[in-house]
1. As an exercise, take the mean of 1/r over every pair of distinct alpha carbons in chain A, invert it, and state the Kirkwood radius in angstroms.
2. Quick one: grab Rg to one decimal and Dmax as a whole number for segment B:127-171, Cα atoms only, in Å.
3. What is the local net charge at residue A:4, summed over the other residues whose Cβ is closer than 11 Å to its Cβ (Lys, Arg +1; Asp, Glu -1)?
4. Averaged over peptide B:126-135, how many Cβ atoms belonging to another chain are found within 10 Å of each residue's Cβ?
5. Can you give the FRET efficiency for residue B:89 and residue B:288, using 1/(1 + (r/R0)^6), R0 = 30 Å, r = Cβ-Cβ distance, to the nearest 0.05?
6. Considering only the protein assembly as shown, what is the antiparallel percent among its DSSP beta bridges, to the nearest 5?
7. Could you bin all the Cα-Cα distances of the protein assembly as shown into 20 Å bins starting at 0 and give me the percent of pairs in each, rounded to whole numbers?
8. Please report, in whole Å, how far the alpha carbons of segment B:102-162 spread along each principal axis, starting with the longest.
Amino acid sequence: MTGAREAVLGRVRERLARSPDDETRARRDIAERLAGQRRGTQPARIDRDRAGLETLFVEKAEAVDATVAVVKKAQDVPEAVAGYLRERNLPAEAAIAPHAALDTMPWQGSALSLSRRAARGEDAVGIAYAFAGIAETGTLMLASGPDSPATLNFLPPTHIVVLHETDLVGGYEDAWQLLRDAGRGRGLDLPRTVNLITGTSRTGDIEQTLQKGVHGPKRLHIVMVRDGS
Amino acid sequence: MERSARAFTHNAHKALADDVLQDNLVKLKGNFLVRRERARDSLPEFDVLRDEAKAIKDHTLAHLDLYLEAFEAQVTATGGQVHWARDAAEARAIVLEICRAEGARTVTKGKSMIAEEIALNPYLEAHGIEPVETDLGEYIIQLANEPPSHIIAPAIHKNRQQVAELFADNHAHLDGRLLDDIDDMLADARKVLRERFLKADIGITGANFMVAETGQTIIVTNEGNGDLTQLLPRVHIALASIEKAVPSLEDVTTILRVLARSATGQEMASYTTFSAGGRRDGETDGPEAFHVVIVDNGRSAMLGSEVQDMLRCIRCGCCLNACPVYGKLGGHVYGTTYSGPMGSVLSPSLFGIDEMHHLPNASTLCGRCEDVCPMRIPIPRMLRYWRERETERGLAPSTARWGLNLWSAFASRPTLYRRLMRIGVGVLGRLGRRHGGFANLPLAGGWTRAREMPAPEGQTFQDRWQRGERP
Ligand code: SF4
């Protein structure tokens, strides 16, 4: 549709009718705004220390039907995952993100059968690694990449996410800052997908009755690791 | 659907007489509004955030050309492709062209109001491409061959029996069997749609926002269907109207804080997904190509006009839930894509007052929509603006009083009257008290008067209507 771009932008400009002076100011203002990472009001509820944030995160995540297990060190993660699946009679088989932080965990001892890959339609369990946790609303931030396939977050009915407590932040803005600090907040470095996940898949489409797991996961289990390793 | 005032009045009567619809609407109001109040109360900053959200959108609209250009540059830099469409026909043609270039036979669709607005599904079907809605509510109404009746609860007008019948008629494996349990219906829909997700060539979603800073489109959903729609097929097409632009991640964060709370009373929707470009080197999932279609379709003309403020709308649906007219009639009577208070302003603005002149009258101007709107959109002011334009053009100005006549229709029907009383003293009563009295309640005079109001004298609205009297 050649010409459509100019036509739409032209119409917008015509309606806004900025004077040449306004135009110069406008361009400067938006350049600043786009570079400035100007924050709005953040909820006072995130004003707390690390232990406070952990409490808030767990409380908020549980309020949206996620379950949270806290383990002391990365070495404890495989057993925590296996235990979770065992207790609920879920299959001991999972697709797992081929992520370096997960690779170093002792999965061999856990009697789980794991495939390091993206999820497929038939997978019962997906294990992913969170880029950050946001205490404000108990939200997980997952950043897609070769080591973090996004299908793990949506296809398997049971979604297990490993989160390091050191990646826990207060508000969403702090999470964006982490992403930028990691060099992943701009241009091609930006992950193809950033998923903010707050609880399980749900719908109220039939008679306003809340139902879980309509297309995405029915269960969301978060394993939080305390040692920062 | 016939877009005339006469059709509106006719539809309104049908809606009032539809017991199933009336029951469903009562539930809708109770659920969403009460949860919204709770969510608001648990965030002391809620009203400050509304002001900030409004300011962000006002700023963006005042620089819309620049933000759209910045967005386009970032999409391109992250490996995506931007297309521009002046109107619905261009938008449809762009989508079809992409589908053809990919040899697509089936597309899955996440819920998108702009796709409804441009009537994308019938167009794709007419060109041999099968669109499958994947949001459960949208899927249900697609089976029923109906338009959505609510922005965020598109199938709110259907009950479980009706859904069971639709599934029985359309899912061959059921062999005509009626499922009576909602859980079973859900499992059935999940199974059917899972296959469609995995088979689709292209996924089409809307976009709640376009982030100029990063070139990301954002979808906000609860089911996860939007994510599967954009994640599994080879190609992702995001449709977004021009006013969806926001400057930065920080700005959109402020708006997200009021969105889900206003829509469903959640603090945050289950899934808020930011997408930029196609599959990267080394990635093993995600679409290979990412297209954004930026659609104007009448919005640029709203800039700098009396109805510019409507462009701040984030489609939370809260004004529908708060509206006494929507609450009695549902969304279908409006006869356009956008229903309720926001639709009564937006539809005339986009499609012209000549065709849409009945809509600005579908309001009691009680102001409750503005009270709850997270973007502080002065809906009643703009409704009055459209009513004035209507009068100027001599377009059946007297229909402006139809609300009053509708009242006599309520009052003359015992069942409806009782229901009205129930809502009046129940949910809305509670909300009213929290707002410091009935004064700012919808139909305030009406509700309170209704309590001692005797049975209406003489003839019903229909009697008079049938005699040829016009309100
Ligand atoms: S007008 Fe306001 S309340 Fe209504 S849908 Fe738009 S943002 Fe929500």
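1. Taking every pair of different Cα atoms in chain A, averaging 1/r and inverting gives 19.8 Å.
2. When restricted to Cα atoms, segment B:127-171 yields Rg and Dmax of 10.7, 33 Å.
3. On the way: positive: A:5, A:11, B:86; negative: A:6, B:87, B:90, B:296.
So the environment of residue A:4 carries a net charge of -1.
4. 1
5. 0.60
6. Values: 23 of 73 bridges.
The answer is about 30 percent antiparallel.
7. Bin by bin from 0 Å, the calculated values are 18, 52, 27, 3, 0.
8. Its Cα atoms span 38, 23, 17 Å along the three principal axes.
The values are calculated or read from the model by the stated rules, or taken from the named source; none is laboratory data. Note that the coordinates shown come from a computational prediction; the quantities given were computed from them, not determined experimentally. Positions of Cβ are generated from backbone atoms using ideal geometry, with glycine treated the same way; all protein chains shown enter the neighbour counts. The area values use the complete protein model at the heavy-atom level, side chains included, leaving out ligands, DNA and RNA. Shrake-Rupley method; radii C 1.70, N 1.55, O 1.52, S 1.80 Å.
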